[in-house]
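The values are calculated or read from the model by the stated rules, or taken from the named source; none is laboratory data. The model shown is predicted, which means the values in this text are computed figures rather than measured ones. Methodologically, a virtual Cβ is constructed for each residue, glycine included, from the backbone with ideal geometry; neighbour enumeration extends over all protein chains shown. Just so you know, the surface numbers come from the protein's heavy atoms only, side chains and all, with ligands and any DNA or RNA stripped out. Shrake-Rupley method; radii C 1.70, N 1.55, O 1.52, S 1.80 Å.
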There are 2 protein chains.
Amino acid sequence: MARATRTRRAGGNGHNGKTRRIDAAQSRTQTERSSDGDLLPPARTAGPAESRRPVAGRLIIIGGHEDREKDSERLILREVTGCTKGGRVIVCTVASDVPGELWPEYQRTFQELGCEDVVHLDIERRADLLLNPSLDLFEGADVFFFTGGAQLKITTRLAGTRLCAALEEFYRRGGTVAGTSAGASVMAETMLVSGVSGETHRIGETLQMAPGLGFLRDTIIDQHFAERGRIGRLLGAVAQNPRFIGLGIDENTAIIVEREESFTVVGSGAVYVADAEDVTYTNVAEEESERTLSLFNVRLHVLSQGDSFDLRTRRPAHGFAKTLERKLDRSEHFPGAEATH
Amino acid sequence: MARATRTRRAGGNGHNGKTRRIDAAQSRTQTERSSDGDLLPPARTAGPAESRRPVAGRLIIIGGHEDREKDSERLILREVTGCTKGGRVIVCTVASDVPGELWPEYQRTFQELGCEDVVHLDIERRADLLLNPSLDLFEGADVFFFTGGAQLKITTRLAGTRLCAALEEFYRRGGTVAGTSAGASVMAETMLVSGVSGETHRIGETLQMAPGLGFLRDTIIDQHFAERGRIGRLLGAVAQNPRFIGLGIDENTAIIVEREESFTVVGSGAVYVADAEDVTYTNVAEEESERTLSLFNVRLHVLSQGDSFDLRTRRPAHGFAKTLERKLDRSEHFPGAEATH
């Protein structure tokens with residue numbers, strides 16, 4: 001069931017919001033059915049040609065386990081709420097097995113950070129979304145936030161639907177799309193689905209990749225990066241196509257991508273950029289299963305808070321962490337009053 | 001107590017060897033004592049000038065957990081025994097808390113691989129080694145092997161003793177010095193002692209380094225590399241002095257260093273070479289504790305079995321794993337008959 005729960009805070013009371021539910025049953029008449037009862041495919045609102053238009057929006061791609069505790073800094077989620085201009089935040093739990101646990105946590109956190117209009121989107125079955133695209137979710141929205149879970153739940157249920165096309169349109173027109181953990185991986189053109197952590201990549205080993213939502217081109221994104229020892233699998237992925245930049249994002253760390261051009265790092269960990277452009281040799285195309293990866297001459301950057309990276313020139317620049325932290329301090333006192341980027 | 005247990009196999013029966021024990025009490029008369037009973041420092045046999053002489057020996061530096069099971073390939077330990085020419089193998093368990101468990105395992109393994117003269121060296125107290133340097137251990141020796149354990153146990157008990165000087169001399173004259181895990185780290189000029197695994201390096205964080213045995217110059221060596229997610233701490237180490245090449249060695253994987261000039265990889269995992277020579281920026285010298293590492297433009301190579309690396313030019317070359325494996329197959333049938341390097 002596709003369900004959207006909107007909570008508006010009345011008089012600033014975050015725990016007393018109104019709730020609206022939308023599900024497939026309410027809007028079945030909007031959708032045609034074929035004679036055997038199968039759903040007809042929905043009309044696409046944006047095709048390949050449209051998707052090449054310049055992007056005005058922002059991506060916030062989080063390596064998982066972002067700080068949500070009330071008495072902590074919550075730097076990253078403050079970056080997210082800093083992107084609202086009084087508008088709606090949509091929390092999409094489609095990736096998760098426990099949406100009922102995640103949603104109230106994020107709802108409370110975003111409300112504590114000053115957001116008045118926080119809406120829940122869960123998609124239990126793709127069919128429900130086909131029947132009821134819930135496009136009105138984006139009316140007045142500033143931020144769309146993917147929680148963690150499993151990457152393939154996001155793409156199998158959401159990708160190719162009218163809602164997903166509307167999400168892309170929202171992003172292209174200037175909206176912020178954020179995602180953590182699985183919600184980070186799906187941002188890429190080709191997403192890393194699974195692979196062994198804490199090991200060097202082996203050629204014959206299953207390193208599962210699949211098409212992602214494609215909001216950030218020419219990248220492969222991995223999360224929980226240093227914590228789960230994932231350098232091996234990220235290098236295994238970029239070795240297969242050096243056009244792609246590998247981005248390994250630590251926990252409680254995020255990249256904020258502006259207009260597909262560059263990103264800045266925020267959070268307590270690091271972002272590893274593996275650029276295979278100058279690679280002189282790899283054995284990854286060899287057919288010997290169980291051979292361990294060889295990969296010569298990768299350019300590796302370790303970026304920490306305030307550092308930035310130009311995705312066009314593939315060059316890092318070091319930043320002004322203190323300036324950033326000051327800005328964030330200010331936005332805590334005046335929630336929503338200042339976008340920090 | 002410094003104890004050397006030599007086991008000679010009688011008629012090829014590995015479990016029925018003769019045992020000789022040397023301990024401090026037997027040779028106390030060899031060492032002078034000062035009036036208050038303190039031991040006088042031993043005369044050094046090789047000084048700094050001598051240590052610049054060219055090296056004829058070989059290092060086998062193993063990332064830990066090398067395969068020792070009888071029914072497995074034991075590729076790396078066959079490389080070690082391949083360096084014997086019928087001579088002695090000295091197994092030094094000084095790093096370990098459980099030398100009594102490790103020694104019989106390695107003894108059996110080396111005997112199964114065709115070594116007839118396998119000797120045990122444990123050093124319970126440095127004082128015992130000062131009293132009884134056991135220099136005769138090296139008579140007819142081909143290989144000196146450090147087991148795993150704690151790096152600082154090796155250096156605090158062995159470094160600066162006449163036995164250690166004799167070990168260096170043995171290496172310079174063409175002997176093979178092998179070491180696994182802690183025994184790998186000590187080979188470096190500056191050794192990585194401890195640091196957080198599975199995390200990106202933070203500037204204020206304790207990343208403990210100490211002078212190593214210095215057999216391999218200009219390198220910092222880390223082990224259990226991909227398995228324990230140690231890219232963060234290795235980069236934290238090389239960031240502090242880009243002259244040093246960081247070598248991260250996976251488990252059941254080794255580098256075989258010939259004459260300090262180049263090395264070849266053998267084993268099932270990979271060796272990561274982090275070359276910081278072209279680094280354009282790091283924040284590691286900043287005084288802000290708890291800042292996460294920034295490090296731009298590291299050259300990273302992932303080497304697998306058969307690949308080699310020239311330590312002078314800092315260039316990798318890809319190898320001939322199959323040739324190597326064929327050689328090893330042959331040396332299994334004719335143990336000790338062929339050095340594979």
Query raised in the report: Which of the residues belonging to the range A:159-188 are of a type in the set (A, V, I, L, M) and under 8 Å from the mean Cα position of the chain (by Cα)?
Result: A:V177, A:A178, A:A182, A:A184, A:V186, A:M187
Requested in this report: Working only within the range B:196-245, note down all residues that are in contact with a helix residue (DSSP H, G or I) (Cβ under 6 Å, 6 or more places away or on another chain), in a loop (DSSP other than H, G, I, E, B) and within 22 Å of B:V279 (Cα to Cα).
Outcome: B:E199, B:T200, B:H201, B:L207, B:F244
**Report entry** In the range B:286-308, residue nearest to B:G246 (Cα to Cα) [restricted to those that are touching a strand residue (DSSP E or B) at 6+ places or on another chain (Cβ under 9 Å) and more than 7 Å from chain A (Cβ to nearest Cβ)]
**Finding:** B:S308
Query raised in the report: For the range B:260-275, what are the residues that are more than 10 Å from chain A (Cβ to nearest Cβ) and of a type in the set (A, V, I, L, M, F, W, C)?
Result: B:F263, B:V266
Query raised in the report: When you scan the range B:263-301, how many residues do you find that are part of a strand (DSSP E or B), open to solvent by less than 40 Å² (accessible area, probe 1.4 Å) and either within 30 Å of B:G57 (Cα to Cα) or not aromatic (F, W, Y) (or both)?
Result: 16
Report summary line: A:T156 meets each of (1) in a helix (DSSP H, G or I); (2) open to solvent by less than 30 Å² (accessible area, probe 1.4 Å); (3) not charged (D, E, K, R) with one exception, condition (2)
Query raised in the report: Is it fair to say B:N283 is within 10 Å of chain A (Cβ to nearest Cβ) and under 18 Å from A:L235 (Cα atoms)?
Result: no
**Report entry** Considering residues of the range A:208-233 that are within 10 Å of chain B (Cβ to nearest Cβ) and under 16 Å from A:L300 (Cα atoms) only, the residue surrounded by the fewest Cβ atoms within 10 Å (Cβ to Cβ)
**Finding:** A:G229
Query raised in the report: Which members of the range A:164-181 meet the condition of being within 22 Å of A:R125 (Cβ to Cβ) and surrounded by 24 or more Cβ atoms within 10 Å (Cβ to Cβ)?
Result: A:L167, A:G179
Requested in this report: Take A:E286 and decide whether it is more than 22 Å from B:P316 (Cα to Cα) and among the charged types (D, E, K, R).
Outcome: no
Report summary line: Residues of the range B:234-262 being hydroxyl-bearing (S, T, Y) and either open to solvent by 20 Å² or more (accessible area, probe 1.4 Å) or farther than 22 Å from B:Q305 by Cβ (or both), in sequence order, are B:S262
Query raised in the report: Got a number for residues in the range A:179-229 being under 18 Å from A:G149 (Cβ atoms) and charged (D, E, K, R)?
Result: 3
Query raised in the report: Within the range A:107-134, how many residues turn out to be under 15 Å from A:F146 (Cα atoms) and not in a helix (DSSP H, G or I)?
Result: 7
Query raised in the report: Which condition number in (1) more than 7 Å from every other protein chain (Cβ to nearest Cβ); (2) at pLDDT 95 or above is the one that B:Q240 fails?
Result: (2)
Query - the range B:182-195 - residue that is among the β-branched types (V, I, T) and part of a strand (DSSP E or B) and, of those, surrounded by the most Cβ atoms within 10 Å (Cβ to Cβ) - result: B:T190
Report task. Name every residue in the range B:246-259 that is modelled with pLDDT of 95 or more and either more than 10 Å from chain A (Cβ to nearest Cβ) or not in a loop (DSSP other than H, G, I, E, B) (or both), in order of residue number. Result -> B:G246, B:L247, B:G248, B:I249, B:N252, B:T253, B:A254, B:I255, B:I256, B:V257
Requested in this report: Within the range B:198-249, work out how many residues are of a type in the set (A, V, I, L, M, F, W, C) and free of Cβ contacts under 8 Å to residues at least 60 places away in the same chain.
Outcome: 11
**Report entry** Residue match in the range B:135-149 (condition: surrounded by 24 or more Cβ atoms within 10 Å (Cβ to Cβ) and more than 23 Å from B:C83 (Cα to Cα))
**Finding:** no
